[in-house]
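I have placed the structure first, in the form of structure tokens, so that the comments after it can refer back to it.
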Amino acid sequence: MKKTQVIVVQGIVMIGDRVLIGLRNSPHDQGPHGLWQCPGGKVEFGEKPEVAMVRELREETGFKTKVLSSNPWIANVLWRFPTHEVQVLLLTYPCKILSGKLLIGGRENSDWKWITKNDFKKFKFTPGSSQALKWWFEQVGSL
């Protein structure tokens, strides 16, 4: 069985007490397809995670952002499939929007929602986003 490891960043992007989540659109990748997630993506080889965070948010959301802390919340997520396994080291950063307009109809997320702590249980999330958002809403709550 093939086993791979990847480093992924995701952003807690907030306006007031609301966090941005996207509906994952990846029919080729049955694990996260159709689940809600925080925006983000893979760290490229040699790239600093904070730089990857800003790049991924620009690509996925259209927002120019700033990472607010260089100390991410870290999770280890295992995806098991019939033919392979993927270990994801997930780094979650709180981020501030500096400028831009939310992209609608992107290739990676088919929908966007701004949710509050009270909305959290209404959505089915990827494991890493679920853990990070639970931590965020319980420990931090707002920027």
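General remarks:
- Note on the chain: helix-only mean residue ellipticity at 222 nm, from DSSP H runs of 4+ residues weighted -39500 (n - 2.57) and normalised by residue number, equals -4500 deg cm²/dmol.
- Using a probe radius of 1.4 angstrom, the carbon and sulfur fraction of the accessible surface of the chain is 53%.
- Theoretical FRET efficiency, 1/(1+(r/R0)^6), r = Cβ-Cβ of LYS48 and LYS101, R0 30 Å, to 0.05: 0.70
- Ordered from highest to lowest accessible area with the whole protein assembly present and a 1.4 Å probe, ILE7, ILE74, ILE115, ILE104 read as ILE104, ILE74, ILE7, ILE115.
- Percent RCO, i.e. relative contact order, over the chain, from Cα pairs under 8 Å lying at least 6 residues apart: 34 percent
- Within the straight-line cut-off of under 14 Å between alpha carbons, the aspartates and glutamates reachable from LYS117 are ASP17, GLU138, sequence neighbours fewer than 8 places apart in one chain being disregarded.
- Rounded tilt (10° steps) of 49-61 against the dominant C-alpha axis of the chain: 80 degrees
- Heavy atoms of the protein chains alone define the surface here; on that basis the stretch 34-81 has 55 Å² accessible area per residue at 1.4 Å probe size.
- For the chain, DSSP calls about 65 percent of its internal beta bridges antiparallel.
- Taking Cβ atoms as reference points and 15 Å as the exclusive limit, the residues near MET1 contribute a net charge of +2, counting Lys and Arg as +1 and Asp and Glu as -1.
- Cross-link reach is defined here as a Cα-Cα straight distance under 18 Å, omitting same-chain residues fewer than 8 places apart; for LYS121 the lysines meeting it are LYS113, LYS134.
- Residues with amide H under 5 Å from that of TRP36, placed H, sequence gap 5 or more: ARG24, LYS124, PHE125, THR126
- Long-range tail of P(r) for the stretch 62-103 (Cα pairs > 13 Å, %): 66 percent
- Label selected from (i) 22, 17, 16; (ii) 36, 24, 13; (iii) 33, 24, 11, the criterion being semi-axes √(5λ) of the Cα gyration tensor in Å as computed here: (i)
- Set of aspartates and glutamates with alpha-carbon distance to LYS3 below 13 Å, sequence-local pairs under 8 removed: GLU85
- Couplings 3J(HN,Hα) of the stretch 69-85, computed from phi: 8, 8, 10, x, 7, 10, 9, 10, 10, 10, 10, 10, 10, x, 10, 7, 10 Hz, in residue order, whole Hz [Karplus 6.51 cos²θ - 1.76 cosθ + 1.60, θ = phi - 60°; x for Gly and Pro].
The values are calculated or read from the model by the stated rules, or taken from the named source; none is laboratory data. Only a predicted model underlies this, so the values are computations on that prediction, with no experimental measurement involved. For neighbour counting, all protein chains shown are included, and Cβ atoms are generated from backbone atoms with ideal geometry for every residue, glycine included. Heavy atoms of the whole protein, side chains included, go into the accessibility calculation; ligands, DNA and RNA do not. Shrake-Rupley method; radii C 1.70, N 1.55, O 1.52, S 1.80 Å.
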